[in-house]
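A.B. asks: If you scroll down you'll find the structure; I have some questions about it.
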Amino acid sequence: MEKDLFNLNGKIALVTGASYGIGMAMAKALARAGATIVFNDRISEKVKTAMEEYAADGINARGYLFDVTDEKEVSLHIEKITKEVGIIDILVNNAGIIKRIPALEMDVAEYRQVIDIDLTGPFIMSKAVAPGMIKKGGGKIINICSMMSELGRETVSAYASAKGGLKMLTKNLACEWAEFNIQVNGIGPGYIATPQTAPLREEGHPFNSFIIGRTPAARWGTPEDLEGPVVFLASKASDFVNGHILYVDGGILAYIGKQPK
Ligand code: NAP
Ligand code: GCO
């Protein structure tokens with residue numbers, strides 16, 4: 001009998017920060033594969049608007065209001081979600097921020113905020129959902145890394161530190177939790193057109209042509225480019241994939257840059 005490796009029917013997926021951007025696109029893809037979608041945001045208006053957008057796509061997503069850095073709030077909400085929806089099978093640690101400030105000008109408090117949301121948040125979330133996954137016999141954790149998990153560039157030291165750390169947290173939790181049949185992997189998007197990168201894509205911004213020149217696919221990615229990768233890492237198709245970062249970057253990491261003609 002044909003095995004449906006990518007079918008997520010009966011699975012519950014929590015995607016953090018999925019009221020728009022990459023998170024929402026991934027959540028919609030997981031829903032189309034059959035998963036029940038749960039998401040969170042920090043701002044109630046955004047949760048409400050997002051639920052309406054999901055509903056317009058025929059997706060009965062449940063939105064919850066909590067900050068991924070607030071351990072108590074996370075624990076309370078995972079308990080609430082477990083009671084109201086069920087044990088979480090798939091966690092996508094997507095919530096994240098960036099601050100583009102030269103290191104010499106960056107306050108330590110600003111640095112700490114980026115680390116807190118982009119690195120400590122995924123740790124808090126993973127610790128909170130793992131016990132349920134263990135009880136259920138397994139699960140999938142997908143951390144949203146970055147080109148900055150591998151490369152640096154001016155003004156993003158805090159973000160690169162967090163995303164580099166997130167790569168290693170992914171590998172380490174994969175080692176610790178494989179015995180519980182929990183696969184922990186990452187997705188490393190390239191440069192994707194979302195609100196987070198909007199400042200870099202403003203009309204005439206030099207970064208636009210720079211990134212196109214550094215991307216063999218010669219285009220910005222779209223949130224939809226991440227739909228297949230997230231369904232793969234959330235499904236049975238990746239049951240023997242552990243501690244892997246799947247880069248979805250149009251070839252950036254493979255490319256030294258356009259050679260002069
Ligand atoms: P985005 O448009 O800025 O969306 C980020 C989402 O995370 C928003 O929903 C935001 O909600 C939420 N969030 C931020 N801090 C939170 C917190 N403390 N608790 C709960 N939710 C929080 O970003 P994006 O471009 O979609 O990126 C999503 C993820 O992909 C991030 O981890 C980012 O680092 C990563 N990434 C992005 C790119 C890219 O080129 N866009 C490439 C590689 C990786 P609020 O409205 O409350 O802030
Ligand atoms: C930046 C961008 C990048 C992307 C992404 C690349 O300022 O360099 O925001 O960091 O968000 O992380 O993978």
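A.B. asks: Neighbouring Cβ atoms within 10 Å as the yardstick, rank H205, H77, H244 fewest first.
C.D. replies: Working: H205 13, H77 21, H244 16.
Placing the least packed residue first, the sequence is H205, H244, H77.
A.B. asks: Continuing with the same structure: Skipping prolines and chain starts, which residues have an amide H placed within reach, meaning under 5 Å, of the one on Y247, given they are 5 or more residues away or on another chain?
C.D. replies: G188
A.B. asks: Dipole magnitude of the range 122-163 about its Cα centre, charges +1 at Lys/Arg Cβ and -1 at Asp/Glu Cβ only, in debye to the nearest 20?
C.D. replies: Computed charge dipole of the range 122-163: roughly 320 debye.
A.B. asks: For helix 44-56, report the angle its Cα long axis makes with the longest principal axis of the Cα atoms of the chain; keep it between 0 and 90° and round to the nearest 10°.
C.D. replies: Orientation of helix 44-56: about 80 degrees from the principal axis.
A.B. asks: What FRET efficiency would be calculated for the residue pair A55, R32, taking the C-beta separation as r and a Förster radius of 22 Å, to the nearest 0.05?
C.D. replies: 0.90
A.B. asks: Identify the trypsin sites (Lys or Arg not before Pro) of the range 1-42 meeting these criteria: DSSP loop state and at most 11 other C-beta atoms within 10 Å of the C-beta. Don't jump to the answer; show the numbers that get you there.
C.D. replies: Values: sites: K3, K11, K28, R32, R42; in loops: K3, K11, R42.
Those satisfying the criteria are K3.
A.B. asks: Another question, if that's okay. Check the straight Cα-Cα distances from K80 and name the lysines below 24 Å, setting aside those fewer than 8 residues away within the same chain.
C.D. replies: Within the straight-line limit of under 24 Å, K80 reaches these lysines: K11, K28, K46, K48, K72, K127, K135, K136, K140.
A.B. asks: For helix 157-177, what angle does its Cα long axis make with the longest principal axis of the chain, in degrees from 0 to 90 and rounded to 10?
C.D. replies: Its long axis makes an angle of about 30 degrees.
A.B. asks: Computed over the Cα atoms of the chain, what is the convex hull's projected area averaged over all directions, in nm²?
C.D. replies: 15.8
A.B. asks: When the chain is modelled as a GNM with alpha-carbon springs shorter than 10 Å, which of I192, I22, I142 fluctuates the most?
C.D. replies: Largest GNM mean-square fluctuation: I192.
A.B. asks: Please check the chain for the longest run free of GluC sites (Glu not before Pro) that are loop-located per DSSP (anything but H, G, I, E, B) and have at most 11 other Cβ atoms within 10 Å.
C.D. replies: Result for the longest clean stretch: 3-153.
A.B. asks: Another question, if that's okay. Rg (Å, one decimal) plus Dmax (Å, integer) for the alpha carbons of the range 13-105?
C.D. replies: 13.9, 48
A.B. asks: I need K46, K258 ordered by Cβ neighbour count within 10 Å, fewest first.
C.D. replies: Ordered from fewest to most neighbouring Cβ atoms within 10 Å, K46, K258 come out as K258, K46.
A.B. asks: In deg cm²/dmol and to the nearest 500, what is the mean residue ellipticity at 222 nm of the chain if only DSSP H runs of at least 4 residues count, each as -39500 (n - 2.57), divided by the residue total? Present the calculation step by step, with values, prior to reporting the outcome.
C.D. replies: Values: 8 runs with 101 residues, N = 261.
Value at 222 nm, helices only: -12000 deg cm²/dmol.
A.B. asks: For helix 21-32, what angle does its Cα long axis make with the longest principal axis of the chain, in degrees from 0 to 90 and rounded to 10?
C.D. replies: 40
Computed from the coordinates by the stated procedures, all read-outs in this text should not be read as laboratory data. Please read these numbers as outputs of a predicted model, since none were measured by experiment. Ideal geometry is used to build each Cβ from the backbone, glycine not excepted, and the neighbour counts take in all protein chains shown.
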